[in-house]
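Below is one structure, written out as C-alpha cells, with a few remarks after it.
The values are calculated or read from the model by the stated rules, or taken from the named source; none is laboratory data. Note that the structure is a prediction, hence the values are computed from the model and not measured. When we count neighbours, we look across all protein chains shown, and the Cβ atoms used for this are built from the backbone with ideal geometry, even at glycine. The area values use the complete protein model at the heavy-atom level, side chains included, leaving out ligands, DNA and RNA. Shrake-Rupley method; radii C 1.70, N 1.55, O 1.52, S 1.80 Å.
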Amino acid sequence: MSCSVVMHSYEDVRFVYTPPLTPQDAVDDADNNLEYKSVTKDELIDGYLNGERTLSNQRLSYLIIASELSGVLESGPSHNYDLLICAAHFLGDGMALHQFAKRILWSLQELEVMLNEEWNRHCRLSPGKALTLPNCLEDNFAPEPSKLRRAIGKVDHQLSQGKDIGGQTFPRKSQQPRHTIVPTVSYDIDRTKSVLKRCKANGVSISAATFAICNIAWARVGKGPPDLPTLMYSAVNLRPYFELNPPHGSYWFLAVGYFNIILPNFIPRSIEPSATFWHRARSAKVQSAKVAKTPMFVSRCRLTAEERGQRARMWAKEDDERERGTYTPPPPASTQPTKPRVPSSALMGLSLLGNLDGMYKHATFPAVKLHTLTTGSRQRSGGMLLFGYTFAGKLWISLGYDENGFDKEIVEKFWQNVLDAMDEFL
C-alpha cells in the first residue's frame, strides 16, 4: 500500500517500495496520505466514486476521516465518524480490505508500540535480510507438473467456457459522463436472523438465495429474449487453494477467481413463485459447489488470471493510444464461416462477502462501535455490481452502478423488484 507503480512497458510494470528509515518517517508518510473532512457520508462516497481521482501510480492508498460536524475531532463521550479506506483494486480484494480495516481499528489501541514492532520486523535493514512484496495470484499455486497437464488444462478451460450461456443484459446508453451511485438497504437484526433461518430451512445460503432474488427480479422486469437464460458472475476466495508458502506474510494481495451461475429467464405460471424461487436458489448452490469442487478449478483460475492480465494490457495500450490520438483499430476478423457461438452475455456481477462480523471481531476494539458499512469501487462507464453481506448483525444489499450508463427506468424497476422479492421470499 506504500508502494508506487513504475511502468517500463505494458509487459513490465513494477511495484517500487522505499522503506522508511525510522518509525517517524513512516508516520510522516502516513500523514501525507491522510485527510480530515467535514462532509456527510453520502457526500464522501460520491466524491470518491465520481470526483477527481484520489489514487494514482504514486498513491496506491489513502485514508479519509470525515464527520458532519464543523470540527472533525470533537471532544465528548461519543461521536459519529466515517472512515473511507481507499486502495487500488489491483493491490487486493475485498477480504484483504476488510482485514485491513479491522487491523486499523484494533491498532488504534496501541498504535505507537505496534508501529515500532512493524518497522523493526519489516523495514530495519540487517545482514541477509531481503525486502519482499506479496506474490501475485498465479505464483501462489503449485506449478503444473508437465506440459501435458497444462495442455489438458487449456482444453478443459475452453470447453468450460463454451458451456456459459447467457442472453440477458440491461439496455445501455453511453452519451453522458459516468456517474456511479450505490443505493443501499439494510435489514435489522431480527429480520436478518429470520432471513438466515429461512435460508437454512430450505438448505441454501443467503448467497445462493441472492442469485435467485436477482433472477426473479430480472424475469419480472420482462426484458430480454425469453428463450435465453440469465447468466450472473461472482468471485470466489482462492486463499484456501494456495499450496505454496509465500515469502511475505501480508494478507494484502488479490486472490479471487470467478464463476458463473446460469438460471432460466422465465417464471412458470403453474407453480407457486416461492417454489420456483427456492428451486433456483438450490440450483445456484449446486452450481457454486460444482465449480469449487472440480479437480480442474485451480487450472481454470490460473488461465483466467492470465487472460485477464492480457486483456488489461491490451486495454491499457488502447486507452493510452486513444488519449494520444494514435489509436488504429485492429483489422476486421476473418470472414471465413465458423461454427456459430452461443451467446454468453452476463446480466450483472454479484459480490457476496458473507458474514463480515466474523472477520471484524468487534469486541477486540471496544472503544469503537461500528454500525454501517458501504462497500464499492470506482467503476468504469457502464459498470454494475450488486453487493451482499452481513455486518453489525444486519443484512446489507446494495447496487453500485453507473446511472448514466443504463436505461434508468429499467434499472430502477429491477432494484425495486429485488427489494420486493426480498420481502416476498425472505
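Brief remarks follow.
- In the stretch 1-27, residue surrounded by the fewest Cβ atoms within 10 Å (Cβ to Cβ) [restricted to those that are assigned to a loop (DSSP other than H, G, I, E, B) and hydrophobic (A, V, I, L, M, F, W, C)]: LEU21
- Pairing residues of the stretch 164-178 that are in contact (Cβ under 8 Å) with a residue 12 or more places away in the chain and crowded, with 16+ Cβ neighbours inside 10 Å with residues that are part of a loop (DSSP other than H, G, I, E, B) and among the polar types (S, T, N, Q), at Cβ distances under 6 Å and at least 6 apart in sequence or on separate chains, gives GLN168/ASN265; ARG178/SER381.
- All conditions in (1) more than 20 Å from the chain's Cα centre (by Cα); (2) aromatic (Phe, Trp, Tyr); (3) at pLDDT 95 or above hold for PHE266, with the sole exception of (3).
- The single condition among (1) part of a helix (DSSP H, G or I); (2) modelled with pLDDT of 90 or more that ALA30 does not meet is (2).
- Top-ranked residue of the stretch 113-163 - restricted to ones that are surrounded by 12 or more Cβ atoms within 10 Å (Cβ to Cβ), touching a residue at least 12 places away in the same chain (Cβ under 8 Å) and not in a helix (DSSP H, G or I), ranked as nearest to the chain's Cα centre (by Cα): CYS136
- Qualifying residues in the stretch 271-294 (those that are hydroxyl-bearing (Ser, Thr, Tyr) and within 16 Å of TRP218 (Cβ to Cβ)) - the one least open to solvent (accessible area, probe 1.4 Å): THR276
- You will find that of TYR48, TYR36, the residue that is touching a strand residue (DSSP E or B) at 6+ places or on another chain (Cβ under 7 Å) and open to solvent by less than 60 Å² (accessible area, probe 1.4 Å) is TYR48 and no other.
- GLN168 falls short on exactly one of the conditions (1) modelled with pLDDT under 95; (2) farther than 30 Å from THR372 by Cβ, and that condition is (1).
Residues are listed down the side, and each one gets a yes or a no for (1) surrounded by fewer than 17 Cβ atoms within 10 Å (Cβ to Cβ); (2) free of Cβ contacts under 8 Å to residues at least 40 places away in the same chain:
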site: ASN355; (1), (2): yes, yes
site: VAL368; (1), (2): yes, no
site: GLY393; (1), (2): yes, no
site: TYR401; (1), (2): no, no
site: ALA421; (1), (2): no, no
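- If you go through the stretch 363-388 and keep only what is closer than 18 Å to LEU97 by Cα and at pLDDT 90 or above, you end up with LEU370, HIS371, THR372, LEU373, THR374, LEU385, LEU386, PHE387, GLY388.
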